[in-house]
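In what follows, a structure is listed as structure tokens, so that the remarks can point back to it.
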């Protein structure tokens, strides 16, 4: 994708999902609200904007539009593998929002299979040690600025 | 914050940082590019849009504008604790982008202190077991739709 600025997978990711209504639509689809009307109501997005965002996400391969009823034809939206792989992004936003952007108790709470309320911790998949961004991590390579 | 749709910390977070240039500016500031001109060049943002986004981030308490030279007065932008806490969001976007939105090798690579190239894995901070969103997690409470 032609763009100026740093060569960067964050920028590339945001070119696909870097818009409020896109990520909120993906939240709903990943929660199982797959119909257009549900997604519109549950996100609060205007129908025109939502329709445009869903089309773009289909084109990008993040969701699929699927016929679930033939007479009359009715469609739903489901996550592809790429859409499901956005869950860590959504969860990181939720944890940040719980702490810095929401007053009062977290509106949504997950539990882990172990039974505990879920608080995720990032670990290094090689050594299993905790990851503290910028403290015990370092840059090996940084995308160049074009 | 008055809004329709689901009561949700993801929505609340995106109301603060849910805009492409805001997150790219935070990427640069967290990388240590703290001057306006650097942030503009390294993100590719237009100066007007960038100035508006930085002002909003200062207002939201995610970054601070700091005088680093008195004659002539020169300012830089630094992350607050809330801004540093966005690193997991940025990293989750980078990992997704590396896989689904970037052609070829990842432009930016981090290493963990153990020496290995960093691939983060989310674990439950209670039991230490792996977290697979939607597979070994379940909703305890879901924000209501207003």
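The values are calculated or read from the model by the stated rules, or taken from the named source; none is laboratory data. Everything quoted here is computed from the prediction, not taken from an experiment. Cβ coordinates were reconstructed from backbone atoms using ideal geometry, including for glycine residues, and neighbour counts include every protein chain displayed.
Some observations on this one:
- Selection of region A:73-87 for residues being assigned to a loop (DSSP other than H, G, I, E, B) and buried (at least 18 other Cβ atoms within 10 Å of the Cβ) yields only A:86.
- The set of residues from region B:116-145 being under 25 Å from residue A:7 (Cβ atoms) and in a loop (DSSP other than H, G, I, E, B) comprises B:116, B:118, B:119.
- When residue B:119 is tested against (1) at pLDDT 95 or above; (2) at the interface with chain A (Cβ under 7 Å from one of its Cβ atoms), just one condition goes unmet, and that condition is (1).
- Scanning region A:128-145 for residues that are more than 22 Å from residue B:84 (Cα to Cα) and surrounded by 13 or more Cβ atoms within 10 Å (Cβ to Cβ) yields one hit, A:145.
- Residue check for residue A:111: in a strand (DSSP E or B), within 20 Å of the chain's Cα centre (by Cα) and within 24 Å of residue B:107 (Cβ to Cβ): no
- Any hit, region A:98-116, residues being touching a residue at least 24 places away in the same chain (Cβ under 8 Å), touching a helix residue (DSSP H, G or I) at 6+ places or on another chain (Cβ under 9 Å) and buried (at least 17 other Cβ atoms within 10 Å of the Cβ): no
- Exclusive hit being modelled with pLDDT of 95 or more and either surrounded by fewer than 17 Cβ atoms within 10 Å (Cβ to Cβ) or not in a helix (DSSP H, G or I) (or both), set B:40, B:2, B:25, B:45: B:45
- Search result, residues across region B:1-56 that are more than 11 Å from every other protein chain (Cβ to nearest Cβ), out of contact with any helix residue (DSSP H, G or I) (no Cβ under 6 Å at 6 or more places or on another chain) and without any contact (Cβ under 8 Å) to a residue 24 or more places away in the chain: B:37, B:48, B:51, B:52, B:55
- Residue match in region A:78-95 (condition: in contact with a strand residue (DSSP E or B) (Cβ under 6 Å, 6 or more places away or on another chain), without any contact (Cβ under 8 Å) to a residue 12 or more places away in the chain and either more than 7 Å from chain B (Cβ to nearest Cβ) or more than 19 Å from residue A:15 (Cβ to Cβ) (or both)): no
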